[in-house]
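Please treat every number below as a calculation from the coordinates, not as lab data. From a predicted model like this one, the values you see are computed outputs, not experimental measurements. Methodologically, a virtual Cβ is constructed for each residue, glycine included, from the backbone with ideal geometry; neighbour enumeration extends over all protein chains shown.
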Amino acid sequence: MLANLISTPRKAKNAGIETINSNKTRYDAAPGLKELRMAAAKKLKIENGLDYDFENIVISSGAKHAITNALIALVDPGDEVIVPMPYWVSYPEMIKLTGGVPVFVDTAFENNFKLTADELKASITDKTKILFITNPSNPTGAVYTKDELMAIAEVCLENNIIILLTKSMSAFVSKILLQVLLHFQMLLRYHCHH
Ligand SMILES: Cc1ncc(COP(=O)(O)O)c(C=O)c1O
């Protein structure tokens with residue numbers, strides 16, 4: 001059942017095959033097809049209540065590509081990037097690749113490994129440029145509440161810190177895959193205790 005859930009949907013597979021067969025295989029706009037960016041803008045409006053013009057949207061090959069592009073655009077050599085632990089495995093190298101310095105912040109088991117505003121405050125220096133937030137968290141599956149996010153956002157506003165938010169797991173929040181993430185979270189807790 002899980003294999004079916006995480007496989008590429010049949011509609012997407014067929015659309016890919018049809019696109020190749022109709023020779024739409026050449027260079028196109030670097031930020032992605034206009035139609036696709038317009039569809040992404042529509043999704044953000046309908047599902048997230050966010051107003052973005054397609055011109056503010058760039059399509060990428062996965063999350064790491066998008067995040068690395070953002071880091072390349074934002075990081076100057078020596079800038080510090082705050083990464084709450086645990087984090088996605090490749091973040092430190094992606095930050096170092098763009099000249100940044102990863103600053104790892106310990107989070108508490110008792111708080112489901114979610115970063116608090118106080119933990120964030122304690123890790124800020126005059127070199128802090130960016131904060132990574134992943135919500136829901138991958139690998140823990142923890143989901144921040146609105147209040148927790150507001151408190152973090154306030155600290156970032158006060159200190160002129162850019163929030164790099166990854167929501168790659170958000171589509172699964174109300175779906176069965178969240179159960180899988182929570183299962184991983186339970187396993188992680190188990191390993192922390194034993
Ligand atoms: C928080 C987070 N960061 C990075 C990635 C890596 O994404 P990709 O393989 O699309 O580059 C994932 C993938 O699930 C993720 O959940």
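Simple spin-label estimate for SER7 and ASN160 gives 5.3 nm between the two label positions (7 Å along the Cα-to-Cβ direction from each Cα). For VAL101, the residues whose modelled amide H falls within less than 5 Å of its own, excluding neighbours fewer than 5 places apart on the same chain, are GLY78, ASP79, GLU80, VAL81. Length gained on full extension, GLU18 to SER61, computed as 0.36 nm times the residue gap minus the Cα-Cα distance: 13.5 nm. Under 5 Å from the amide H of ILE162 lie the amide H atoms of ILE130, LEU131, each residue being 5 or more positions distant or on a separate chain, with H modelled from the backbone and absent for Pro and chain starts. The ranking of ILE82, ILE46 by Cβ neighbour count inside 10 Å, starting from the fewest, reads ILE46, ILE82. Loop-located trypsin sites (Lys or Arg not before Pro) in segment 1-58 (DSSP state other than H, G, I, E, B) with a sparse environment of at most 14 neighbouring Cβ atoms within 10 Å: LYS24, ARG26.
So if we plug the beta-carbon distance of LEU36 and MET85 into 1/(1 + (r/R0)^6) with R0 = 45 Å, what FRET efficiency do we get, rounded to 0.05? Mind showing how you got there, number by number?
Working: r = 34 Å, r/R0 = 0.76.
With R0 = 45 Å, the Cβ-Cβ based efficiency is 0.85.
Label-to-label distance for THR25 and ILE72 is 2.5 nm, based on points extended 7 Å past Cα in the beta-carbon direction.
Charge dipole of the chain (Cα centre as origin; +1 on each Lys and Arg Cβ, -1 on each Asp and Glu Cβ, all else neutral): 1080 debye, rounded to the nearest 20.
Name the helices (complete DSSP H segments) of the chain with a Cα length along the long axis of 24 Å or more and a Kyte-Doolittle mean of at least -0.5, or state none.
Working: long enough: 176-193 (26 Å, 0.91).
Going by DSSP H runs, the hits are 176-193.
Please label the shape of the chain as rounded, prolate or oblate, based on the square roots a ≥ b ≥ c of the eigenvalues of the alpha-carbon gyration tensor (a/c under 1.5 means rounded; beyond that, a/b larger than b/c means prolate, else oblate). It is oblate, given that a/c is not under 1.5 and a/b is not larger than b/c.
Within a straight-line Cα-Cα reach of under 26 Å, LYS114 can be paired with the following lysines, leaving aside sequence neighbours fewer than 8 residues apart in one chain: LYS64, LYS96, LYS127, LYS129, LYS146, LYS167, LYS175.
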